[in-house]
Amino acid sequence: MASHTPVTDTDTDLDAAAVVGRLRATFATRRTASPAWRRAQLEALRTLLTDHSDELVAALAADLGKGPEEAYRTEIGFTLNEIGHTLDRLDDWLAPRPAELPERLLPATAQVVREPLGVVLVIAPWNYPLQLALAPLVGALAAGNCAVVKPSELAPATSAAMARLLSRHLDAEAVAVVEGAVPETTALLAQRFDHIFYTGNGAVGRIVMAAAARHLTPVTLELGGKSPVVLDPGTDLAAAARRIVTGKFLNAGQTCVAPDYVLAIGDTARAIEPYLAEAVRDTYGADPAGAGEYGRIVNERHFDRLTALLGSGRTVVGGAHDRATRYLAPTVLADVSPDAPVMQEEIFGPILPIVPVPDLDAAIAFINERDKPLALYAFTDSAATKQRLLTETSSGALTFGLPVAHLTAPDLPFGGVGESGMGRYHGEYSLDTFSHTKAVLDKPLV
Ligand code: NAD
């Protein structure tokens, strides 16, 4: 019988203290605080992404079977947009903001200044392995920090490409990529950081937060969960189906803000079925296995987890799967009970259950009985329904009419609430996350 030694949390050659110590020494020189250094790093990151996009697209194809168009748009292009948006506004964001003072303190002046935190840690997951490592890094650099980036070991080609390219293009004394899995992350988490930015699941989120507490390090936790789509009678079901399919089956459903399930009010549960089937066929053809832009499941563990969920309802479309290539067709399941296995955890794959509910009250109660979602989506023509969803539910984001879109708008904060996470980023929110907002008051002595 084969025996194997389990990997322990400390089984690594990584000298995490040396990595962090080197970055701390760089931070102490204050060079990363200068606006010129920040700009130069962001511009270098832009050059890296532009000059090496073919290599990065190939890495993303190797890790997740991502098609070239999707890989470019959702990972490289996304990060380039974030860089451009930040560079265009950085001077404005870094300018001290004058603050008003109460009369009793006058004469005096006051301002609010953003200062870098120090050395930050970014821990990224595998599903958008480039975007979710580099978009936080954009914020960390814009805020003038040194950073350790820990890519996901489950996307090894992208991890290796980032390690190679970042050390070549960025200030290597200020930015370090540490590749590895649990032992390496555990070793890093024993160090003191000035901020930890973690994207991934809530179980590891708890480990990260506990480790951070030892050093009083603030954390951002970008977690997941089940993001519902409320379908209201009277809405254009054909249009809704097309948009649900686009958001759901991107990256083969392995998207943190993917619509997890459809909460279908009244007769929309039955009525949406043919439109969803048609939208899947229109998008991916009769055989999605051959569609160049349809991804694969990241590994066999996730493939087995997902195929075990296929019996949770009546198959409307899809269901085909092949373990050898980790292909799972875009699948819609109808008549799904809230007690079904597929409704117990975030699906994180290309299975879309339709859960019927009688009315809006029941839909709102259903949402509020569960963890606060990362995103809530709704298709409705009713202003009153929109208002009720806005005021009677809580979620990281609320989007009407276009699932997943909010995350591409850099002026909107991106983050969760409750079990879906804490903190937010993108655009100026990233700068806030990775800066200390300092109060400065200056009163003359006479
Ligand atoms: P993962 O397995 O790649 O883990 C994420 C990171 O945590 C990796 O870098 C990994 O090395 C590290 N890690 C794993 N176990 C650890 C441990 N015991 N101790 C320390 N570090 C450890 O990714 P995942 O968690 O499977 O990612 C999927 C989850 O992430 C889903 O729930 C998804 O919704 C969520 N997600 C959220 C967002 C968001 O922006 N809110 C984005 C993408 C994914």
All but one of (1) open to solvent by 20 Å² or more (accessible area, probe 1.4 Å); (2) away from the ligand (no atom under 16 Å from the Cβ); (3) among the aliphatic types (A, V, I, L, M) hold for residue 417; which doesn't?
-> (2)
Filtering region 59-84 down to residues that are over 20 Å from residue 43 (Cα atoms) and open to solvent by 60 Å² or more (accessible area, probe 1.4 Å) yields 62, 68, 69
Kindly indicate whether any position in region 122-139 is away from the ligand (no atom under 16 Å from the Cβ) and among the aliphatic types (A, V, I, L, M).
-> no
Could you run through region 85-113 and say how many residues are open to solvent by 40 Å² or more (accessible area, probe 1.4 Å) and either within 16 Å of the ligand (Cβ to nearest atom) or part of a strand (DSSP E or B) (or both)?
-> 5
With a cut-off of at least 1 residues that are touching an Asp or Glu at 6+ places or on another chain (Cβ under 7 Å) and within 11 Å of the ligand (Cβ to nearest atom), name the strands (runs of 3 or more DSSP E) lying wholly within region 202-292.
-> 227-231, 259-265
Checking residue 276 against (1) surrounded by fewer than 19 Cβ atoms within 10 Å (Cβ to Cβ); (2) touching a strand residue (DSSP E or B) at 6+ places or on another chain (Cβ under 6 Å), which test does it fail?
-> (1)
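Can you give me the number of residues within region 140-158 that are over 24 Å from residue 27 (Cα atoms) and either crowded, with 24+ Cβ neighbours inside 10 Å or near the ligand (Cβ under 10 Å from one of its atoms) (or both)?
Here the count works out to 5.
Please go through region 159-198 and give me each residue that is in a helix (DSSP H, G or I) and within 11 Å of the ligand (Cβ to nearest atom), ordered by number. Explain how you work it out, then say what you get.
As a first pass, look at region 159-198 and keep what is in a helix (DSSP H, G or I): 159-169, 182-189.
159, 182, 183, 184, 185, 186, 187, 188, 189 - these are the residues of region 159-198 that are in a helix (DSSP H, G or I) and within 11 Å of the ligand (Cβ to nearest atom).
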Restricting attention to region 116-139, which residues are under 18 Å from the mean Cα position of the chain (by Cα) and surrounded by fewer than 24 Cβ atoms within 10 Å (Cβ to Cβ)?
-> 125, 126, 131
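The values are calculated or read from the model by the stated rules, or taken from the named source; none is laboratory data. The structure displayed is predicted, hence computed values, not measured ones. Glycine also receives a Cβ, built like all others from the backbone with ideal geometry; neighbour counts cover every protein chain displayed. When the accessible area is computed, the model is the full protein with side chains, heavy atoms only, and any ligands, DNA or RNA have been set aside. Shrake-Rupley method; radii C 1.70, N 1.55, O 1.52, S 1.80 Å.
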